[in-house]
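The values are calculated or read from the model by the stated rules, or taken from the named source; none is laboratory data. Bear in mind that the values here come from a model prediction, so they are computed numbers and not experimental data. So basically every Cβ, Gly included, is an ideal-geometry build from the backbone, and we count neighbours across all protein chains shown.
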Amino acid sequence: MSETVQVTTVAGDREVIAGRLFINRGTGVFHYDAAYLANHAAYALAPSLPLVAGAQPLDGLGGLSDSAPDRWGRKLLQRARKRTSLSEFDYLLGVDDAGRQGSLRYWIDDTPLSSDGTGIPHELDLPELLTTADAIELDPSAVDDIQARRLFRATGSLGGARPKANVLINGELWLAKFPKPVGDEWDLMGWEYTLNRLGADLGIIVPQARLLKITDINGEDRHIYVARRFDRLQDSRQRIPYISAMTALEASDGDGGDWVDVVEYAREEGADTEQLWKRAMLGVLVGNTDDHLRNHGFLRFGREWEIAPCFDMNPTPDGDAHQLALFGDPSYESSALVSKDSLSLFGVSEQDAHGWLRTAAPLLERASERARGYGVDAPSASVMRPRFERATQTVRELSS
């Protein structure tokens, strides 16, 4: 079966036709539209899709992969369609249009894919969504078909394995991340919110976020982390172009990557590489092990790609392995980030680095107490206390 799909994006603050995707027997070929190539605001949708005329065969989804769901979304689509053998293009085109990541949209016969008119759920729907997410995690086959499809539509192309969904809060598009019914050894959602607030105090650009307490069907109070979608303007109607660092570097899922490549790409685009140093430093201090290339990205404003807000950062009690290496070393420590080579790479002066470390010390020291203030339970706060004590000692030693 072959399909021709029209692809649109935002260029020069307007939604325009970027090109067409031709799909045949599980493979895809992309062609830029002639009018788009002539548009002074046009840009390459991804480095692997240079702004040239002619056919560009895709390697899998290639530069379009950020539009497709990740592990959680794929699990939901398999359940919604009662099929486990879906093609990459089934995943790409099955995503609900309203919640799709970034500015790329896919159309057949002037109808966006996929859209059934039901819309994004609202904040008041979160308890029901949590119940369905729990059921999907425990036994997908036991979930009602309508509920499964609704949760998939709400999930869109959001990445990661953590249960999540898009919701409307006061008319704006937000991402909701759910706790798992089994397997979470501490309040991960509470700690992600704490790291979001801590990062903001340390000069790291983060999305607007809230921590909500929801009572589940068993009468248990649980936290849901919600963050405003940074790839939408305030009214949630206009989309902002977005690519992950994985797409920017023409990498694939599972590729470890290196900070050197991420920073060099950011520098070529004129982005603020000091932001990357701050998030790398905070990540290594708190044991954020989920630092792969999908968890960093770029937003396009005007004619440049800028670093997207920091997201998906969580502390671990004793995790020190990194998915993103530094100068080829995946086991680097915080001291490596204040070496002359690292500071030169990130474009950070020694004075600014030491100033940041001095600011970080008291904030890290009070992190567990701060988490308790946000409603994190005592055991979850206590399990992280040794990690933050070590982090506090480290930054004091590095700044002395």
The lone exception for residue 148 - which of (1) within 18 Å of the chain's Cα centre (by Cα); (2) in a helix (DSSP H, G or I) it fails: (1)
Which number in (1) in contact with a strand residue (DSSP E or B) (Cβ under 7 Å, 6 or more places away or on another chain); (2) of a type in the set (A, V, I, L, M, F, W, C); (3) crowded, with 21+ Cβ neighbours inside 10 Å; (4) in contact (Cβ under 8 Å) with a residue 60 or more places away in the chain marks the one condition that residue 212 misses? (3)
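Condition check ((1) small (Gly, Ala, Ser); (2) in a loop (DSSP other than H, G, I, E, B)) across all residues:
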{"site": "311", "(1), (2)": "no, yes"}
{"site": "315", "(1), (2)": "no, yes"}
{"site": "319", "(1), (2)": "yes, yes"}
{"site": "323", "(1), (2)": "no, yes"}
{"site": "332", "(1), (2)": "no, yes"}
{"site": "341", "(1), (2)": "no, no"}
Looking at (1) within 20 Å of residue 248 (Cβ to Cβ); (2) assigned to a helix (DSSP H, G or I); (3) in contact with a Phe, Trp or Tyr (Cβ under 8 Å, 6 or more places away or on another chain), which one does residue 294 not meet, given that it meets all the others? (3)
All-but-one check, residue 299 against (1) surrounded by 17 or more Cβ atoms within 10 Å (Cβ to Cβ); (2) modelled with pLDDT of 95 or more; (3) assigned to a helix (DSSP H, G or I), failing number (3)
Within the set of pairs 6 or more residues apart or between chains, which connect a residue that is on the phi > 0 side of the Ramachandran plot inside the stretch 243-255 to a residue that is hydrophobic (A, V, I, L, M, F, W, C) with Cβ atoms less than 9 Å apart? 250/46
Boolean, residue 360 is crowded, with 16+ Cβ neighbours inside 10 Å, part of a helix (DSSP H, G or I) and not assigned by the TED database to the domain that holds residue 70: yes
If you go through the stretch 20-42 one residue at a time, do you hit one that is farther than 21 Å from residue 250 by Cβ and free of Cβ contacts under 8 Å to residues at least 12 places away in the same chain? yes
Listed by first then second residue, the pairs whose first member lies in the stretch 167-190 and is under 15 Å from residue 72 (Cβ atoms), whose partner is assigned to a loop (DSSP other than H, G, I, E, B) and charged (D, E, K, R), with beta carbons under 6 Å and at least 6 positions apart or on separate chains, are 175/229; 177/162
Residue 221 fails exactly one of (1) more than 15 Å from residue 324 (Cα to Cα); (2) crowded, with 18+ Cβ neighbours inside 10 Å, namely (2)
Counting only residues that are modelled with pLDDT of 95 or more, surrounded by 13 or more Cβ atoms within 10 Å (Cβ to Cβ) and not small (Gly, Ala, Ser), give me the helices (runs of 4 or more DSSP H) lying completely in the stretch 10-126 with at least 2 of them. 34-37
